[in-house]
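The values are calculated or read from the model by the stated rules, or taken from the named source; none is laboratory data. Since this is a predicted model, take the numbers as computed values, not measurements. We place every Cβ from the backbone using ideal geometry, glycine too, and count neighbours over all the protein chains shown.
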Amino acid sequence: MSLMTTAISRREFGKRIAALTSGAAFLPQVSSCSAPQSLSKRQALLAEFRKADAALLAEDGARQSAAEDFGGIIHRLPLAVIRPRSESDIVKAIRFAKRHTVQVAMRGQGHSMLGQCQVEQGIVIDSSTLNSVRMVTYDDRPAIEAGAGALWGALLDAAYAEKLTPPVNVDPGYLSVGGTLSTGGFGGRTWDDGFQIDHVLQLQVVTGEGRVVTCSDRRNTDLFNSILGGMGQTGLIVKAIIPLVAAPMHVRFFMLGYDDLPTAMADMTALSTNRRFKHLDGRSAVREGGGFTYNLEAGYFYDAPSAPADTELLGGLKFASKTVSTMTYEQYYRREAPLKPGRYPWLYLCLPASQFLQYAADVFANPEEHALSVPRFSVWNRDRVKRPLARLPNEDFVVRFQLSRMPPSTFTNMESLLRSNRALYERARDVGGTRLTTSALPFSQADWMDHYGPVWPWLSDMKKYFDPNRVLTPGPGMFPPMAL
Ligand SMILES: Cc1cc2nc3c(=O)[nH]c(=O)nc-3n(C[C@H](O)[C@H](O)[C@H](O)COP(=O)(O)OP(=O)(O)OC[C@H]3O[C@@H](n4cnc5c(N)ncnc54)[C@H](O)[C@@H]3O)c2cc1C
């Protein structure tokens, strides 16, 4: 379909996509709350929380902010927003939701792209008040305990004060701990250390039954595995304990430019095997006169004074240009500046490495498919990612392929970008590719079943056991709501 298709109104378009992601387009319809019903639910919620003087925000401003996300496409207005002071407020909200048949979702920093942290006429729990960070030991090793709403930047600052770091960082420090542990959490170390969810020692969660449970690889393991990368389907994370490793003092950061993708990929694959660098990532840039330059980011971690010789680090690589800088580790983990609010329907895919070059060549050759985007890519060792809900292609090397679409504020035809995302996903899926959970990608329950494949029956059992009333996190459209 052409990107020039006639645009429908934003409201109508949002409604259609919301219907799709809530499963309504594929599943039996459930009746939505009538106005008087939702009014009385709102009053009941106000009464319940006012009594206990909790941080319930029912005014329009708070509700409207919780009705938006980074994607800026879906708009679902909740009854109210709760800023919990502790797990007790979350328990209370979930128990209320069960009694009054409304739904609940936790919102971290709202960097979701298609309504994943929104709830129409439900309760949004804003985790930003759960932002404590403290150093702990776990099995006699250094670790950090962080509230779900703590930002990765704050966690990194606290750890780095002790010359420590979590093994895997996400690029921007302004994402929440609970948000990335619910989606997976990848970054420049993923090629060798997996996702952030591969490095969690313990979680405290509130289940869909309103029970506070501590879980780990040794205790309540099924719950633990269904939460990590589980998009808030079986429980909401209150706090997490994350292991820490020694942090370097400096990073020698190279940006290596390539004129063609095959050469860039060959070098990146070689670097993903020989472990010369700690940080590896790739991003393309539009070249003057047309086409793209493919840039490899390669970061060498070290402690001064043992500065590395660039010639040694770069030996054998076939780049056409390079820039290099030396950063402190703090400058390195703070290097991404926040983006201005807008409407950003990003797509994150993962392809088998054997299929990637052909797939990417087709996308790069078609301006409609990569429209308005900064394509990014990175080669990951598949076996480093171990949690069951991280669904990646079944090959030794897999390639993350991301289209960070940045439409200008004047662009109205968002539908065309979502259709393109969907078409690209289907083509990736047909060659063994998968999506990453945080994508602006319309997905039905049947798509989720296909995505999870052999682990779907287990996930479905976990949902029945820990959230039997399907109170939690309707946004991704994985499980249809019970009749409201
Ligand atoms: C500019 C930008 C850069 C990004 N960079 C990266 C990156 O480097 N690495 C990466 O992995 N992703 C990245 N993402 C993708 C992605 O959007 C985030 O990983 C994810 O949404 C987390 O952000 P958040 O804290 O705002 O969570 P939200 O978007 O608020 O939440 C994400 C999902 O998790 C659920 N959730 C949130 N908190 C909890 C909780 N405590 N318990 C249970 N469920 C919860 C929400 O309901 C929602 O379904 C980026 C996104 C943007 C916009």
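Out of the residues in the stretch 164-188 meeting the condition of being within 15 Å of LYS386 (Cβ to Cβ) and more than 8 Å from the ligand (Cβ to nearest atom), tell me which one is surrounded by the most Cβ atoms within 10 Å (Cβ to Cβ). Top of the filtered list is VAL168. MET106 meets the conditions (1) touching a residue at least 40 places away in the same chain (Cβ under 8 Å); (2) within 13 Å of the ligand (Cβ to nearest atom); (3) among the aliphatic types (A, V, I, L, M); (4) in a loop (DSSP other than H, G, I, E, B) in every case but one. The failed one is (4). Going residue by residue through the stretch 346-364, is there one that turns out to be part of a loop (DSSP other than H, G, I, E, B) and outside the structural domain of HIS199 (by TED's automatic domain parsing)? Yes, the conditions are met somewhere in the stretch 346-364.
Six or more apart or on different chains, Cβ atoms under 8 Å: show the pairs whose first residue is in the stretch 403-420 and farther than 14 Å from SER439 by Cβ and whose second is within 16 Å of the ligand (Cβ to nearest atom) and aromatic (Phe, Trp, Tyr). Here the result reads MET406/TYR344; PRO407/TYR344, each pair linking the stretch 403-420 to a residue that is within 16 Å of the ligand (Cβ to nearest atom) and aromatic (Phe, Trp, Tyr). For ILE242, the criteria (1) under 30 Å from TRP458 (Cβ atoms); (2) part of a helix (DSSP H, G or I) hold in every case but one, which is (2). Of all residues in the stretch 336-362, those that are in contact (Cβ under 8 Å) with a residue 12 or more places away in the chain have Cβ atoms under 6 Å from Cβ atoms of residues that are surrounded by fewer than 21 Cβ atoms within 10 Å (Cβ to Cβ) and polar (S, T, N, Q), 6 or more apart or on another chain, in TRP346/SER404. Restricting the stretch 270-308 to residues that are aliphatic (A, V, I, L, M) and part of a strand (DSSP E or B), the residue that is surrounded by the most Cβ atoms within 10 Å (Cβ to Cβ) is ALA298. For the residues SER378, SER354, SER373, SER404, the requirement of being touching a Phe, Trp or Tyr at 6+ places or on another chain (Cβ under 9 Å) and more than 16 Å from the ligand (Cβ to nearest atom) singles out SER354.
Scanning the stretch 224-246 for residues that are buried (at least 21 other Cβ atoms within 10 Å of the Cβ), more than 10 Å from the ligand (Cβ to nearest atom) and more than 17 Å from the chain's Cα centre (by Cα) yields PHE224, ILE242, LEU244. Among residues of the stretch 136-153 that are over 18 Å from GLY232 (Cβ atoms), none has a Cβ under 6 angstrom from a residue that is modelled with pLDDT under 95 at a sequence gap of 6+ or on a separate chain. Just to be sure I understand, how many residues within the stretch 211-223 are within 14 Å of the ligand (Cβ to nearest atom) and either in contact (Cβ under 8 Å) with a residue 40 or more places away in the chain or in contact with a Phe, Trp or Tyr (Cβ under 8 Å, 6 or more places away or on another chain) (or both)? Number of matching residues: 3.
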